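The structure that follows is given in the form of structure tokens.
The values are calculated or read from the model by the stated rules, or taken from the named source; none is laboratory data. Values in this document were obtained by computation on a predicted structure and should not be read as measured data. As a convention, Cβ positions derive from the backbone with ideal geometry for all residues, glycine included, and neighbour counts pool all protein chains shown. Ligands, DNA and RNA are excluded from the accessible area calculation, which covers all protein heavy atoms including side chains. Shrake-Rupley method; radii C 1.70, N 1.55, O 1.52, S 1.80 Å.
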Amino acid sequence: IGKIVGNVQSVKDVENEALGLIPHKDTKVNFGISTHNASINALQFGKSLKRELKQKEVKARFVQSKVNPLSSVIVQTNKLLTTGIEIVIMKTDTEFLLGQTLVVQPFETYGKLDFGRPSRDPQSGMLPPKLAQIMLNLAEVAPESAIYDPFCGSGTILQQSLLQGQSKLIGSDSSRKAVQDTHDNLSWLSEETGKSYNYDVFTHEITEPNERVKPSSMQAIVTEPFLGPPLRGHEPTAKMDKIISELTLLYTAAFKQLEKALQPNGVMIIIIPEFKTEHGTRKIQLNLPSNLEIEKTWQYSRPKQHLIRNIVKIRKQIIN
């Protein structure tokens, strides 16, 4: 999270503006540079600023990195938020914007919530806590809203929901082990935070009617279903066809059941997989009930991964 602190027209003006943003102190100040869509080399630009500061007899250390923009770890460990500054340069169609970073993600906390939990299952896939938090944010529901995760896995979405204060949580999974892992992890979370939480987690097959979730009772469904087996990127076409077909059937059945649980005007934040192959990307076919409408899609992926997570926001339409 940051704020825009200036806007200029040329690269030279960017340098002058950036110099004015770096604090002048009796002690040495650390500063870092991150650029977005700007034809500015962050490393060279930072070194140029340091030379200018040295001529002005300002003690400064330029925090260098091979990564642009700077990672949250670099920003925090070099104290750029407390005793220095991270200057962010962004290029629009008409001007350069200069920003100052105010807050970075709590990476240590996310690490503990991921790797510090008692139960993790790499074989069945693991949803990063950060991504779970993004999905909950996109749902935009009040703390008192009822949230359901029908593919709860190790309980990551439920975990993040509890931490942000949701009071009505339901989770289910077809795997008994996954349900037990969720119970173990949420019990651990309660011990870690010193708080007691209310939630209902049980075993359920998504293709079957769900008697424990009443029709039209959920304000939000936030979930990552089974995304298919791990891929290496060079699977035969026949194998990919089989994976796509099986996932299409799973998602079609899931949407049919989840539509019943969702309130009118309720939202569903769900991960839809997309696969990188030697012959391009492959998608599953979405067969949505007529009253479910896609509002927006975001992508979450990394360059060398063969799986693209499409975060899809779906709303249940009110039918008069």
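Tally time: how many residues in the range 1-34 are of a type in the set (S, T, N, Q), within 15 Å of I85 (Cβ to Cβ) and touching a strand residue (DSSP E or B) at 6+ places or on another chain (Cβ under 7 Å)?
Residues meeting the conditions: 2.
From the list Q64, Q76, Q100, which one is polar (S, T, N, Q), assigned to a loop (DSSP other than H, G, I, E, B) and either out of contact with any helix residue (DSSP H, G or I) (no Cβ under 6 Å at 6 or more places or on another chain) or open to solvent by 50 Å² or more (accessible area, probe 1.4 Å) (or both)?
It is Q64.
Of all residues in the range 177-212, count the ones that are more than 25 Å from E144 (Cβ to Cβ) and small (G, A, S).
Number satisfying all stated conditions: 1.
Next question, about the same structure. Can I89 be described as surrounded by fewer than 12 Cβ atoms within 10 Å (Cβ to Cβ), farther than 24 Å from T109 by Cα and at pLDDT 95 or above?
Considered against the rule, which asks whether it is surrounded by fewer than 12 Cβ atoms within 10 Å (Cβ to Cβ), farther than 24 Å from T109 by Cα and at pLDDT 95 or above, I89 comes out as no.
Now a separate question. Kindly provide the set of residues from the range 256-290 that are open to solvent by 20 Å² or more (accessible area, probe 1.4 Å) and not in a strand (DSSP E or B), ordered by number.
K256, Q257, E259, K260, E278, H279, Q285, L286, N287, L288, P289, S290
Got a sec? Which of K276, K316, K256 is among the charged types (D, E, K, R), touching a Pro at 6+ places or on another chain (Cβ under 8 Å) and touching a residue at least 40 places away in the same chain (Cβ under 8 Å)?
K316
Considering only residues that are surrounded by fewer than 23 Cβ atoms within 10 Å (Cβ to Cβ) and either hydrophobic (A, V, I, L, M, F, W, C) or in a strand (DSSP E or B) (or both), which ones fall in the range 154-168?
Of everything in the range 154-168, those that are surrounded by fewer than 23 Cβ atoms within 10 Å (Cβ to Cβ) and either hydrophobic (A, V, I, L, M, F, W, C) or in a strand (DSSP E or B) (or both) turn out to be L162, L163, K168.
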